[in-house]
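Structure, as structure tokens:
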Amino acid sequence: MLKGVAPEVALGRDTKLLKEILDKTAEHISKDLTNMPEVEAELRFTLGNTYYQLRELEKAEAMHREALRLRRAVFGGNNELVAASLRELGRVLGDLGRVPETESVLREAVNVIQQLPGDHQEDFAHSLYLLGDVIRHEGKLAEARDMLRQAVDIIRARCPTGNKWMPGLLSCLADVLERRDNLTEAEALQREALDMSRRFNPNDSDQAFRLGLFLKGLGRLTEAEPLLREGYEQRKKNLGNDHPFVASAVDALSWVLIRQGKMTESELLLCEDIATRRRTKPDAKLANSLDRLSLVLRMQGKLTDAGSVRREALKIWMDAAENGKADAMNDAAWYIATSEGSTSEQAQRAVDLAEKAVAATKRKDPNMLDTLAAAYARLGQFAKAVALQEEALRQMAEPKDQNGFVSRLKLYQANKPYGDSADVACANEFAAWASWLLSEKRFAEAESLGRKSLVIREKELPEHWSTFNIRSMVGEILFRQNKYTEAEPFIVSGYEGLKQRYDRIPEASKHHLKEALQRLVLLYEATNRSTQATDHKLKLPELEKNEIDQRIAATPPR
């Protein structure tokens, strides 16, 4: 009965009775099975997995810890049941967000399995998969890639058609490859994962959702939307509206709808999600949806409603942090620290929350340190912000992941807090929307939104490099409509502005200068100014060389 809980949960059935049975069983285990440690450990292991399926993570952790203690007492350290307990405990700790502890437990599981006699290759691959999944979140991408490839090779050799957890493994490896710019193989793996998932786990929504996220990251929004919608609908059906996986689906789908200009659809989706979440205790998931809704309302010109919704989101973030969990405290602190409208009292509250989150993770999580730095910057204590940001950077394993951290460090060094005003956030969405419309060759719509974005940014951030990047993009939109005279000042000033601010552009964004130069060359060629076109073409190889040099510098040696 207990092992049958996964399909029950997947079908979205009421699990209240099952939870009561589990809790009563747990109460009696230690009393009734005192002289049968092997049986007690086995039952606790099963209870731990069942609690995990029900997302009762604290109870799952307690069960797996006790099962592990009993198995070590009975079998010693090197035993396949001990390895299984370590693996399942690691899975629970990972979902609780305790990353360093998770890594330690899973590394022990891998080491135990490696020392066992006999054939344990599938269990070894499964443990490698879970460990690789954890360390990719820590930014250790090269090590994660090698582990995950090894796990894939083992399963392909043993199970040519795959198994029930192979889709997750393929998707995890695809994520690592995507982050290391191996996009072709990453997409192939994501599609293979989706096909395999539909064979082994027809009720599972994860792989459609993950492929949708991958395509979203590539800007292929038209392809991403139906997959994300499938993931959202399936998760609602399988897990119920209150599940955190449904919240992440709402977040991704609403983002894609916004970027395609489908404001009415996005607003309806968010309002439906918010109405559902209001029926339970307010939490961070509700605050996320409210914050996204405030942006959608602002983009539609509903400023009064947008302000009211954003204030409600801020209050919920602060209240949600009271539960004392590091992730909740960190999220609340980040939201407050990066909101321009935060008061000094709220900024101090962000510092307090972030300090607790950093202490809870023993100063080993760079993202927590990043939040604390942002909180001190919002409070105006920039020296502390700089020191914390530098500490966070020292913990980043992959140079590619440092870009955002470096750009924030430069802001703090210039005595500026991090975070966009509501207007700038709106302008950023207009710009992203315009960029997508440009790629779709919907030039008239792209022009309107590009101009809207530029008006806001030239008012709020007139000297920022990204404002000149948007000027250059607006110039291209005009150029594509054969409005050469109108396009020229935008293209010229966009290129010159980016060139003058090249040192301030994050490494990952420096390619925008090359794009701006290419637009200028196209303009000169289209207007029969061959000498100027040739002169500027000569500058392209140097920019391309710089771009290659930066990629080489950002890639760790093998």
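Is at least one residue of the stretch 172-179 hydrophobic (A, V, I, L, M, F, W, C), without any contact (Cβ under 8 Å) to a residue 40 or more places away in the chain and touching a helix residue (DSSP H, G or I) at 6+ places or on another chain (Cβ under 7 Å)?
So far as the stretch 172-179 goes, yes, one or more of its residues are hydrophobic (A, V, I, L, M, F, W, C), without any contact (Cβ under 8 Å) to a residue 40 or more places away in the chain and touching a helix residue (DSSP H, G or I) at 6+ places or on another chain (Cβ under 7 Å).
Are any of the residues in the stretch 237-245 crowded, with 23+ Cβ neighbours inside 10 Å and either in contact with a helix residue (DSSP H, G or I) (Cβ under 8 Å, 6 or more places away or on another chain) or within 30 Å of Leu290 (Cβ to Cβ) (or both)?
No.
Specify the residue that is surrounded by the fewest Cβ atoms within 10 Å (Cβ to Cβ); the eligible residues are those in the stretch 21-47 that are under 35 Å from the mean Cα position of the chain (by Cα) and either of a type outside the set (A, V, I, L, M) or not in a helix (DSSP H, G or I) (or both).
My answer is Asp23.
Please enumerate the residues belonging to the stretch 340-351 that are surrounded by fewer than 24 Cβ atoms within 10 Å (Cβ to Cβ) and either in contact (Cβ under 8 Å) with a residue 12 or more places away in the chain or in the same structural domain as Asp291 (by TED's automatic domain parsing) (or both).
Across the stretch 340-351, the qualifying residues are Glu340, Gly341, Ser342, Ser344, Gln346, Ala347, Gln348, Arg349, Val351.
Of the conditions (1) modelled with pLDDT under 85; (2) farther than 19 Å from Asp273 by Cα; (3) over 17 Å from the mean Cα position of the chain (by Cα); (4) buried (at least 17 other Cβ atoms within 10 Å of the Cβ), Ser197 fails just one. Which one is it?
(1)
Pairs needed: first member in the stretch 198-213, free of Cβ contacts under 8 Å to residues at least 24 places away in the same chain and not assigned by TED's automatic domain parsing to the domain that holds Ser254; second member anywhere, part of a loop (DSSP other than H, G, I, E, B) and surrounded by fewer than 22 Cβ atoms within 10 Å (Cβ to Cβ); C-beta distance under 9 Å; at least 6 residues apart or different chains.
If the second residue must be part of a loop (DSSP other than H, G, I, E, B) and surrounded by fewer than 22 Cβ atoms within 10 Å (Cβ to Cβ), the pairs left are Arg198/Asp204.
Of the residues that make up the stretch 121-138, is at least one surrounded by fewer than 20 Cβ atoms within 10 Å (Cβ to Cβ) and of a type in the set (Lys, Arg)?
No, the conditions are met nowhere in the stretch 121-138.
Return the pair list, or none, for Cβ contacts closer than 7 Å from residues in the stretch 254-276 that are free of Cβ contacts under 8 Å to residues at least 40 places away in the same chain to residues that are hydroxyl-bearing (Ser, Thr, Tyr) and crowded, with 22+ Cβ neighbours inside 10 Å, at least 6 apart or on different chains.
What qualifies is Leu257/Ser266; Ser266/Ser254; Leu269/Ser254; Leu270/Ser254; Leu270/Ser289; Asp273/Ser289; Ile274/Ser289.
For Gly168, all conditions in the list (1) crowded, with 19+ Cβ neighbours inside 10 Å; (2) in contact with a helix residue (DSSP H, G or I) (Cβ under 6 Å, 6 or more places away or on another chain); (3) in a helix (DSSP H, G or I) hold save one; what is the number of the exception?
(2)
Do we find that Arg278 is under 22 Å from the mean Cα position of the chain (by Cα) and among the charged types (D, E, K, R) in this structure?
It is false that Arg278 is under 22 Å from the mean Cα position of the chain (by Cα) and among the charged types (D, E, K, R).
Out of Asn241, Asn163, I need the residue that is at pLDDT below 90, in a loop (DSSP other than H, G, I, E, B) and either farther than 30 Å from Glu122 by Cα or under 17 Å from the mean Cα position of the chain (by Cα) (or both). Which one?
Answer to the check: Asn241.
I'd like the full set of residues that are touching a Phe, Trp or Tyr at 6+ places or on another chain (Cβ under 6 Å) and closer than 9 Å to Ala427 by Cβ, limited to the stretch 443-469.
Lys452, Ser453 - these are the residues of the stretch 443-469 that are touching a Phe, Trp or Tyr at 6+ places or on another chain (Cβ under 6 Å) and closer than 9 Å to Ala427 by Cβ.
What are the residues in the stretch 368-406 that are buried (at least 20 other Cβ atoms within 10 Å of the Cβ) and modelled with pLDDT under 90, if any?
Gln402, Phe405 - these are the residues of the stretch 368-406 that are buried (at least 20 other Cβ atoms within 10 Å of the Cβ) and modelled with pLDDT under 90.
Report every pair of residues separated by at least 6 positions or lying on different chains whose Cβ atoms are under 8 Å apart, first residue within the stretch 303-319 and within 16 Å of Ala425 (Cβ to Cβ), second among the basic types (Lys, Arg).
Sorted first by the residue in the stretch 303-319, then by its partner, the pairs are Ala306/Arg298.
Which ones in the stretch 285-310 are polar (S, T, N, Q), at pLDDT 85 or above and within 22 Å of Ser248 (Cβ to Cβ)?
The answer is Ser289, Ser294.
Filter the stretch 462-491 down to residues that are touching a residue at least 24 places away in the same chain (Cβ under 8 Å), under 16 Å from Arg451 (Cα atoms) and not small (Gly, Ala, Ser), then give me how many there are.
15
From the list Ala377, Ala392, Ala359, which residue is closer than 18 Å to Val99 by Cα, part of a helix (DSSP H, G or I), more than 20 Å from the chain's Cα centre (by Cα) and not assigned by TED's automatic domain parsing to the domain that holds Glu265?
Ala359
A quick yes/no check of all residues on (1) of a type in the set (Lys, Arg); (2) farther than 24 Å from Gly76 by Cβ; (3) not in a helix (DSSP H, G or I):
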site: Arg91; (1), (2), (3): yes, no, no
site: Gly97; (1), (2), (3): no, yes, yes
site: Thr102; (1), (2), (3): no, no, no
site: Val110; (1), (2), (3): no, no, no
site: Pro117; (1), (2), (3): no, no, yes
site: Arg136; (1), (2), (3): yes, yes, no
site: Ala142; (1), (2), (3): no, yes, no
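Would you list the helices (runs of 4 or more DSSP H) that sit entirely within the stretch 277-346 and hold 2 or more residues that are of a type in the set (Asp, Glu)?
Once the helices (runs of 4 or more DSSP H) in the stretch 277-346 are filtered for at least 2 residues that are of a type in the set (Asp, Glu), what remains is 303-320, 326-337.
Just to check your reading of the model, which residue among Ala224, Ala208, Ala247 is closer than 26 Å to Val134 by Cα and in contact with an Asp or Glu (Cβ under 7 Å, 6 or more places away or on another chain)?
Ala208
Name the one entry in Glu58, Glu27, Glu42 that is farther than 18 Å from Asp95 by Cβ and at pLDDT 90 or above.
Glu42
Given Ser85, Ser104, which one is under 26 Å from Lys364 (Cβ atoms) and surrounded by fewer than 18 Cβ atoms within 10 Å (Cβ to Cβ)?
Only one candidate qualifies: Ser104.
The values are calculated or read from the model by the stated rules, or taken from the named source; none is laboratory data. Because the structure is predicted, anything quoted here is derived from the model rather than measured. Glycine gets a Cβ as well: all are built from the backbone with ideal geometry, and neighbour counts include every protein chain shown.
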